[in-house]
1. What is the one condition in (1) open to solvent by 70 Å² or more (accessible area, probe 1.4 Å); (2) more than 18 Å from the chain's Cα centre (by Cα); (3) at pLDDT 85 or above that Asp86 does not satisfy?
2. I want to confirm something. Restricting to segment 1-14 and keeping residues that are closer than 22 Å to Arg66 by Cα and hydrophobic (A, V, I, L, M, F, W, C), which single residue is most open to solvent (accessible area, probe 1.4 Å)?
3. So Leu60 fits all but one of (1) closer than 26 Å to Arg3 by Cβ; (2) open to solvent by less than 90 Å² (accessible area, probe 1.4 Å); (3) not in a helix (DSSP H, G or I); what number is the exception?
4. Which residues, taken from segment 15-56, are surrounded by 10 or more Cβ atoms within 10 Å (Cβ to Cβ), within 18 Å of the chain's Cα centre (by Cα), at pLDDT below 95 and not small (Gly, Ala, Ser)?
5. Tell me the residue from Lys107, Lys99 that is part of a helix (DSSP H, G or I), modelled with pLDDT of 85 or more and open to solvent by 90 Å² or more (accessible area, probe 1.4 Å), please.
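The values are calculated or read from the model by the stated rules, or taken from the named source; none is laboratory data. None of these values were measured; they are calculated from a predicted model. Note that we place each Cβ from the backbone using ideal geometry, even for glycine, and neighbour counts take in every protein chain shown. These accessible areas exclude ligands, DNA and RNA; they are computed on the full protein's heavy atoms, side chains included. Shrake-Rupley method; radii C 1.70, N 1.55, O 1.52, S 1.80 Å.
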Amino acid sequence: MDREVRKIKQGLSLKFSELVYNGFWHSPECEFLRECIGRSQEPVVGTVRLSVFKGQVYILGRESPRSLYNEELVSMNVQGDYEPADATGFININSLRLKEYHRLQSKVTVKQDE
């Protein structure tokens, strides 16, 4: 499953846990969440190796014939559509909110010092 679907599923899983804990297993909202979570798992196949120790579960490895990870697409050593210079634009765009946050924080700090 891709990153965005996985993030949504994680949010639904938290709500599902809350409903089950509060005894709402047979509620319409819990039924809806079971359907959504089940639907997200339809294309998921593969093997996961686990270790269980003192109530903790550790993932030792995983593999899937449908894995979305493609080493050729993410490697900068393999010639493809991605160029290392592309990272500069990505970093600049994502850093805008942090620059603005720190700019505003410095204004607040200056006013408090006055």
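1. The failed condition is (3).
2. Step by step, filter segment 1-14, then rank; the result is Ile8.
3. (2)
4. Answer for segment 15-56, where residues must be surrounded by 10 or more Cβ atoms within 10 Å (Cβ to Cβ), within 18 Å of the chain's Cα centre (by Cα), at pLDDT below 95 and not small (Gly, Ala, Ser): Cys36, Ile37, Arg39, Gln41, Pro43.
5. When all the criteria are applied, what remains is Lys99.
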